[in-house]
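Reading through the structure tokens given below for one structure.
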Amino acid sequence: MTRSFRSDQRLLRALIWLAVFAAIGGALVLLYPDADQQDSGYHYLFARWAHRHPHYFVSVWARPLFTLLYFFPAQLGYAATKLFTVAISLATAWQTFRLARQIHFDRAELAIPLLFLQPSFFLLCSTVLTETLFALLFVIALRLHLSGRIKAGMIVASLLILVRPEGFFIGALWGLWVLSGSFRLKAGLRTLWQTLLLASGMILWWAAAYLITGDPLWIVHDWPPDWRPEGGANGAGPIWKYIVLAPLIVGPLLLAPFIVGLRRLLKKREFSTGVSAFLVLFVTHSVMFWRGWFGSAGYARYLVCVAPAIALITLAGWNDLVEREAKFFNLSRNSIAAIVFALSALVCVLYVDGWRFTRDARAVEEMVEWFRAHPRPISRLISSQTYMRIVFDRDQWEKPTFTNDREFNLALIRQSPRQTLIFWDEDTGPKWYGLRAGDFEAAGYNRLKSEEFKLQGWFLRLPWDRFGGPRLQQMSFFYKE
């Protein structure tokens, strides 16, 4: 009776945590209509227009399963699509809580805040990026594997490659987990054959790509040019980069219990699947960024792929520290938890608010409001940011294929037809394409409007010209009569 009562209490607390983060996720969608990076907008546009361009459904960059699942909410608009990610994040938190109970971790309901209060997970939980869907599939597959449903777990794990490239590394690790469970030669050979289930997602992708494009080597031909084994397309850095990023991956106030939990689990060889998944991605991304391989950019958000494992490692450390808490604190356990979670939530909110690029959406919406009051017919929209296309609801395919060659881009601008509207900013436009406002007037376009903006965060208003400081931006409309 007592155990059942405690179980019901923990279930109730888990549901309350989910309700809290559902409300926070909705608020993030309202306050930040775009995201910290343009990738969110690109993924939305791919999903939104995939019915016109079916190759988006099998695109290497857009990712097949992600585009397929997001296709339906994308037809309802960007905000609805971001809310779909909130739902995926909540489902990931629920499955992480269920996994904590499945492996008999105390205080399993705390897995939910320990997941959401990872700053990188919090940043992505209301955007249209692939890491949160990967995390959901990962924790579902892990639950199946640990419950003894090995084949079902492999099938779900095989879908990870359809969401993010990390699926290859996790799939290889998964094969080792399965093989390590077979000690006899005959059973081992049979198990080796069964691990081919981990390739089922890739086989499905190849078949779909062939049916849609007619190209048996579509995946090779569609491979992004900056995803080469070498080249450092997105730069390179020290191999210890992800150690420095650990506060953004785990949470600065949760780093201590995470380290304690990692040490404890390694020492006792518990939850080895989750621990090894985290370590594999941590080491892999560290090495790839150090060597400049496959366009790895050294983003903390890559580790969101295994955020459920990070949450449970932190929970293991939290439980360990709670047992020894009275030796260090003269406070109740609930008071300590409340302080840590409140401060962690504050860190996460300020982290999201500090990203200056997210504020450009406000300037875009103000400019679009002016254009709707002074409309012109549009045969083609050329924009420097994805959110500009999202607000106008224009197909990404009509945009010229710009490169980093300024003269080539100018030639494309001059060739554009009459009634072409150019919506340009003075930050992303020059950085990505080498084009500034004056270039369009020189190319024969009329300037309809230019506006300068000083965009502050909703909560964080620092004076310096870096993270958290004001965003100085200029946006313009140009038109070809």
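Numbers for the structure displayed
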{"item": "Those residues of region 50-68 which are more than 21 Å from residue 136 (Cα to Cα) and surrounded by fewer than 19 Cβ atoms within 10 Å (Cβ to Cβ), in sequence order", "result": "51, 52, 53, 54, 55"}
{"item": "Residue within region 287-302 that is modelled with pLDDT of 95 or more, assigned by TED's automatic domain parsing to the domain that holds residue 105, closer than 17 Å to residue 121 by Cα and surrounded by fewer than 22 Cβ atoms within 10 Å (Cβ to Cβ) present", "result": "no"}
{"item": "Test result for residue 408, touching a strand residue (DSSP E or B) at 6+ places or on another chain (Cβ under 9 Å) and either buried (at least 17 other Cβ atoms within 10 Å of the Cβ) or free of Cβ contacts under 8 Å to residues at least 24 places away in the same chain (or both)", "result": "no"}
{"item": "Within region 199-224, tally of residues that are over 14 Å from residue 60 (Cα atoms) and among the polar types (S, T, N, Q)", "result": "1"}
{"item": "Filtered residue count, region 417-445, keeping only those that are over 20 Å from residue 407 (Cα atoms) and surrounded by 13 or more Cβ atoms within 10 Å (Cβ to Cβ)", "result": "1"}
{"item": "Qualifying residue in region 441-454 (condition: in the same structural domain as residue 412 (by TED's automatic domain parsing) and assigned to a helix (DSSP H, G or I))", "result": "yes"}
{"item": "Residue tally, condition outside any helix (DSSP H, G or I) and without any contact (Cβ under 8 Å) to a residue 24 or more places away in the chain, over region 260-282", "result": "1"}
{"item": "Test: residue in region 107-114 that is surrounded by fewer than 23 Cβ atoms within 10 Å (Cβ to Cβ) and at pLDDT below 95", "result": "yes"}
{"item": "Yes/no for residue 157 being more than 26 Å from residue 96 (Cβ to Cβ) and either of a type in the set (Lys, Arg) or assigned to a helix (DSSP H, G or I) (or both)", "result": "no"}
{"item": "Subset tally (residues that are within 26 Å of residue 411 (Cα to Cα), within 33 Å of the chain's Cα centre (by Cα) and aliphatic (A, V, I, L, M)) for region 437-481", "result": "2"}
{"item": "Condition broken by residue 262, with the remaining ones in (1) more than 21 Å from the chain's Cα centre (by Cα); (2) surrounded by fewer than 18 Cβ atoms within 10 Å (Cβ to Cβ); (3) under 19 Å from residue 275 (Cα atoms); (4) of a type in the set (A, V, I, L, M, F, W, C) satisfied", "result": "(2)"}
{"item": "Residue count for region 360-376, restricted to those that are out of contact with any strand residue (DSSP E or B) (no Cβ under 9 Å at 6 or more places or on another chain) and surrounded by fewer than 17 Cβ atoms within 10 Å (Cβ to Cβ)", "result": "5"}
{"item": "Members of region 190-245 found to be of a type in the set (Ser, Thr, Tyr) and more than 21 Å from residue 300 (Cα to Cα), listed by number", "result": "191, 195, 200, 210, 213"}
{"item": "Residue count, region 240-259 (criterion: outside any helix (DSSP H, G or I) and either surrounded by 14 or more Cβ atoms within 10 Å (Cβ to Cβ) or of a type in the set (Gly, Ala, Ser) (or both))", "result": "5"}
{"item": "Region 424-463 - residue that is of a type in the set (Lys, Arg) and more than 13 Å from residue 478 (Cα to Cα) and, of those, modelled with the lowest pLDDT", "result": "461"}
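The rows are residues; the columns are (1) under 30 Å from residue 28 (Cα atoms); (2) among the small types (Gly, Ala, Ser); (3) out of contact with any Gly (no Cβ under 7 Å at 6 or more places or on another chain).
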{"residue": "396", "(1), (2), (3)": "yes, no, yes"}
{"residue": "407", "(1), (2), (3)": "no, no, yes"}
{"residue": "410", "(1), (2), (3)": "no, no, yes"}
{"residue": "429", "(1), (2), (3)": "yes, yes, yes"}
{"residue": "445", "(1), (2), (3)": "no, no, yes"}
{"residue": "467", "(1), (2), (3)": "yes, no, no"}
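The values are calculated or read from the model by the stated rules, or taken from the named source; none is laboratory data. On a predicted model such as this, the values are computed, not experimentally measured, just so you know. Neighbour counts run over all protein chains shown; Cβ positions are idealised from the backbone, glycine included.
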